[in-house]
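A.B. asks: One structure, pasted below without further comment.
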Amino acid sequence: MRVAIAGAGLAGLSCAKYLTDMGYTPIVLERRDVLGGKVAAWKDEDGDWYETGLHIFFGAYPNMLQLFKELDIEDRLQWKEHTMIFNQPDQPGTYSRFDFPDIPAPVNGIVAILRNNDMLTWPEKIRFGLGLIPAMIQGQNYVEQMDKYSFSEWLKQQNVPPRVETEVFIAMSKALNFIGPEEISSTVILTALNRFLQEKNGSKMAFLDGSPTERLCQPLVDYITERGGQVRLNAPIQEFLVDESGCVEGFLIPGRNGAPEEVLTADVYVSAMPVDPLKLMLPKPWQELDYFKQLQGLEGVPVINVHLWFDRKLTDIDHLLFSRSPLLSVYADMSNTCKEYANPDRSMLELVLAPAADWIGNSDADIVAATMAELEKLFPQHFPSPAKLLKYHVVKTPRSVYKATPGRQACRPSQKTPIPNFYLSGDYTMQRYLASMEGAVLSGKLTAQAIQQDLRTSQVP
Ligand SMILES: Cc1cc2nc3c(=O)[nH]c(=O)nc-3n(C[C@H](O)[C@H](O)[C@H](O)COP(=O)(O)OP(=O)(O)OC[C@H]3O[C@@H](n4cnc5c(N)ncnc54)[C@H](O)[C@@H]3O)c2cc1C
């Protein structure tokens, strides 16, 4: 049983991995010459890695952690102290921490919040705690209903003082979806808070020990190919060929460098492409179906990942930092956090610039200049001098994860489609995690399960 999968991001690779476990033969076709999609990374001429995004793994990622276990690469996750660290714009050069003690949830989270007195006052914490009561009592059902409100609207309705938003939730909202609380759906923030508060190690963070392409995607490819599957790079799907009944007959791969075009046929087909290119590739007959029409409500959000190499150490913090800067989101000194990027003498900062809509069209030099200006505020002890910028890389993703504004939950499709031999995978498809690595891995697993289920009940022709 051959399954053709378009896209070698985490969703496509996870789908292929679980299909091989079920005894099927996946053939993954990737448009680019690099694995990983939004976790893709490249080596520059000096041998330094740069990435599509600064990626954090959370304790609340059960499917991802299970996958690491199944691939026997758990030692590649570098777990950090259980804390969240924020820059303090009012006191440049200083940090405020939420330290989670080693006691059961939710008490560890509550203690972390109560012990932090830099960012919120006691009345603000109490008001916010009271605001969360409906989410705690009614659980995920309530969280899903709140998709109609932005997080700013939700905070107002719960009478939470505006400073709670500016102090904490601009940073959290930008970290989760690269947009501010006035745009993000309440469901996104409340889902994350739920996981972080309900699971003892939910908010514990890990960095991979090297580039995701080599350290996570390659072991997936090895696993798939050792079991008879294939993963082909430079194999862009140009068209889903469909028959009169609307079923897929093949994936059309255009000819390149003198090679003829190819029609790849299989028993079952999966799109693990992002939602934006998928929408452009829907065959005409499918466009009339409500299932595919809902995809028009989903669109990738722009984000920029900036890498800066310095001639000296700027910080010895071995963790993710929430910058709380209007320009930047989270960042880390990768020379401390990641084994393969380690350097005892020089810092390499990897910073996420978000919201990025106003910056995505700018030159790399402009983006770096603006980032450096922000760093002067965060590290007044190092800038404008003496720290010297040695080199930089800027990676722009004009359409990254889907923009999780209010109402998007209703647009997220199931992995099973109305087309009997065609399925969807991807972080944007419906699964209980947000658009994230965990969501992508889970979606791939759900797609494999849906295919197996349908084959068992013979729904696939
Ligand atoms: C800057 C940034 C930071 C992030 N930080 C985090 C984080 O800290 N933690 C976290 O959990 N998540 C994070 N994410 C989100 C995470 O990277 C994504 O949710 C996840 O990787 C998406 O996986 P996917 O397989 O669904 O999609 P993708 O990774 O987009 O994979 C889709 C693949 O399909 C391929 N494709 C497209 N068109 C075609 C075609 N025509 N033919 C064949 N192939 C095609 C693409 O090239 C791509 O490889 C971050 C994302 C970014 C951009």
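The values are calculated or read from the model by the stated rules, or taken from the named source; none is laboratory data. Please read all numbers here as calculations on a predicted model, not as lab measurements. Because the Cβ atoms are built from the backbone with ideal geometry, glycine has one as well, and the counts that use them run over all protein chains shown. Areas reflect the complete protein model, heavy atoms only, side chains present, ligands, DNA and RNA absent. Shrake-Rupley method; radii C 1.70, N 1.55, O 1.52, S 1.80 Å.
A.B. asks: Taking the inverse of the average 1/r across all pairs of different Cα atoms in segment 240-282, what Kirkwood radius in Å do you get? Walk me through the numbers on the way to the answer.
C.D. replies: Working: mean 1/r = 0.0855 Å⁻¹.
Result for segment 240-282, one decimal place: 11.7 Å.
A.B. asks: Same structure, new question: At what distance in nm do the modelled label points of T225 and T457 sit from each other, each positioned 7 Å from its Cα along Cα→Cβ?
C.D. replies: Label at T225, label at T457, 3.7 nm between them.
A.B. asks: Please give the Cα centre distance for segment 68-135 versus segment 141-194, rounded to the nearest Å.
C.D. replies: Between the Cα centres of segment 68-135 and segment 141-194 lies a distance of 16 Å.
A.B. asks: Could you tell me the extents of segment 61-157's C-alpha atoms along the three principal axes, largest first, rounded to whole Å?
C.D. replies: Principal extents (Cα only, largest first): 46, 40, 26 Å.
A.B. asks: In addition: For a paramagnetic label modelled at 7 Å from the Cα of K293 toward its Cβ, which residues of segment 139-162 fall within the zone defined by backbone nitrogen distances under 11 Å?
C.D. replies: Those under the cut-off are none; the list is empty.
A.B. asks: Got a sec? Which residues in segment 368-400 would a label at N343 touch, if it sits 7 Å along Cα→Cβ and we count backbone N under 15 Å?
C.D. replies: Under 15 Å, as judged by backbone N against the label point of N343, lie 387-394 of segment 368-400.
A.B. asks: I would also like to ask the following. When only DSSP loop residues count, what trypsin sites (Lys or Arg not before Pro) in segment 242-318 have their Cβ near at most 13 other Cβ atoms within 10 Å? Write out the running numbers ahead of the final one.
C.D. replies: Working: sites: R256, K279, K293, R312, K313; in loops: R256, R312, K313.
In loop regions of segment 242-318 (DSSP not H, G, I, E or B), the sparsely surrounded trypsin sites (Lys or Arg not before Pro) are R256, R312.
A.B. asks: Accessible area per residue for the chain in Å², computed with a 1.4 Å probe and the full protein assembly in place, what is it? Before the final figure, lay out each step's value.
C.D. replies: Numbers: 18830 Å² over 461 residues.
I get 41 Å² per residue for this part.
A.B. asks: Could you calculate the contour length gain from L71 to M430, that is, 0.36 nm times the residue separation minus the distance between their Cα atoms, to one decimal place in nm? Can you show the working numbers first?
C.D. replies: On the way: separation 359, 0.36 × 359 = 129.24 nm, distance 2.50 nm.
Fully extending the segment from L71 to M430 adds 126.7 nm.
A.B. asks: Hey, any idea what % of segment 303-397's accessible area is carbon plus sulfur with a 1.4 Å probe?
C.D. replies: Numbers: 1950 of 3670 Å².
Ligands and nucleic acids excluded, carbon and sulfur reach 53 percent.
A.B. asks: Something else now. Near K313, which aspartates and glutamates are there with a Cα under 14 Å away, not counting those fewer than 8 places off in the same chain?
C.D. replies: Within the straight-line limit of under 14 Å, K313 reaches these aspartates and glutamates: D333, D345, E350.
A.B. asks: Still on this structure, I have one more. With just the Cα atoms of segment 102-202, tell me how far they stretch along each of the three principal axes, in Å, largest first.
C.D. replies: 34, 28, 24
A.B. asks: Now for a separate question. Among the listed pairs K69/K377; K148/K200; K43/K388; K200/K388, which are separated by more than 32 Å between their Cα atoms? It would help to have the intermediate numbers written out before the result.
C.D. replies: Values: K69/K377 41 Å; K148/K200 29 Å; K43/K388 22 Å; K200/K388 41 Å.
The answer is K69/K377; K200/K388.
A.B. asks: Please give the solvent-accessible surface of V263 in Å², to the nearest 10, using a probe radius of 1.4 Å with every protein chain present.
C.D. replies: 80 Å²
A.B. asks: Show S363, S271 ordered by accessible area, largest first, where the area counts protein heavy atoms only and the probe is 1.4 Å. Let's see the in-between values first.
C.D. replies: Values: S363 55, S271 0 Å².
Sorted by accessible area, descending: S363, S271.
A.B. asks: Oh, and also: Label-point separation (nm) for D46 and D316, each offset 7 Å from Cα along Cα-to-Cβ?
C.D. replies: A separation of 2.3 nm, rounded to one decimal place.
A.B. asks: Given H placed on each backbone N at 1.01 Å, which residues far from S414 in sequence or on other chains put an amide H within less than 5 Å of it?
C.D. replies: For S414, the qualifying residues are M430.
A.B. asks: Got a sec? What order do W359, W122, W79 fall in by accessible area at 1.4 Å, biggest, i.e. largest, first?
C.D. replies: Values: W359 65, W122 130, W79 105 Å².
I get W122, W79, W359, largest accessible area first.
A.B. asks: Using the charge dipole of the chain (Lys, Arg: +1 at Cβ; Asp, Glu: -1 at Cβ; taken about the Cα centre), state which of P398, Y24, M430 has its Cα farthest towards the positive end.
C.D. replies: It is M430, whose Cα lies furthest towards the positive end.
A.B. asks: Provide, for q = 0.16, 0.24 Å⁻¹, the log10 of I(q)/I(0) from a solvent-free Debye sum over equal Cα point scatterers in segment 303-397.
C.D. replies: One equal scatterer on each Cα of segment 303-397 leads to -0.60, -1.38.
A.B. asks: Here is a follow-up. Enumerate the calculated ³J(HN,Hα) couplings along segment 170-178 in order (Karplus 6.51 cos²θ - 1.76 cosθ + 1.60, θ = phi - 60°), each rounded to whole Hz, writing x wherever the residue is Gly or Pro.
C.D. replies: Once rounded to whole Hz, the list reads 5, 4, 5, 5, 5, 5, 7, 9, 6.
A.B. asks: Residue by residue through segment 367-380, what is 3J(HN,Hα) from phi via Karplus (6.51 cos²θ - 1.76 cosθ + 1.60, θ = phi - 60°)? Round to whole Hz and write x for glycine and proline.
C.D. replies: 5, 5, 4, 5, 5, 4, 5, 5, 5, 4, 6, 6, 10, x
A.B. asks: Something else now. Which three numbers, in whole Å and largest first, are the semi-axes of the equivalent ellipsoid of segment 191-275 derived from its Cα gyration tensor as √(5λ)?
C.D. replies: On the way: eigenvalues 263, 80, 32 Å².
Calculated on Cα positions only, the semi-axes equal 36, 20, 13 Å.
A.B. asks: So, one more: Using 25 Å as the Cα-Cα cut-off, could you pick out the over-long pairs in K38/K125; K279/K403; K38/K445?
C.D. replies: Numbers: K38/K125 36 Å; K279/K403 15 Å; K38/K445 18 Å.
Among K38/K125; K279/K403; K38/K445, the Cα-Cα distance tops 25 Å for K38/K125.
A.B. asks: If you roll a 1.4 Å probe over segment 102-202 with all protein chains in place, what percent of the accessible area is carbon or sulfur?
C.D. replies: 62 percent
A.B. asks: Now for a separate question. Give the residues of segment 283-304 whose amide nitrogen is closer than 15 Å to a point set 7 Å from the Cα of A370 in the direction of its Cβ.
C.D. replies: So the set is 302-304.
A.B. asks: Is segment 18-116 rounded, prolate or oblate when judged by the Cα gyration tensor, a ≥ b ≥ c being the square roots of its eigenvalues, rounded requiring a/c under 1.5 and prolate requiring a/b larger than b/c? Please report the intermediate quantities before stating the final value.
C.D. replies: Working: a/c = 3.21, a/b = 1.52, b/c = 2.11.
Since a/c reaches 1.5 but b/c is at least a/b, the shape of segment 18-116 is classed as oblate.
A.B. asks: OK, next. Measuring from the lowest to the highest alpha carbon on each principal axis, how far does the chain reach, largest first, in angstroms?
C.D. replies: Principal-axis extents of the chain (Cα, largest first): 65, 53, 40 Å.
A.B. asks: A further question follows. What are the GluC sites (Glu not before Pro) within segment 229-280 that DSSP puts in a loop, where the Cβ has at most 11 other Cβ atoms within 10 Å?
C.D. replies: Values: sites: E239, E244, E249, E261, E262; in loops: E244, E261.
Sites meeting the loop and neighbour criteria: E244, E261.
A.B. asks: Then there's this: Roughly how many nanometres apart are two label points built 7 Å out from the Cα toward the Cβ at C247 and N141?
C.D. replies: Rounded to a tenth, the inter-label distance reads 4.1 nm.
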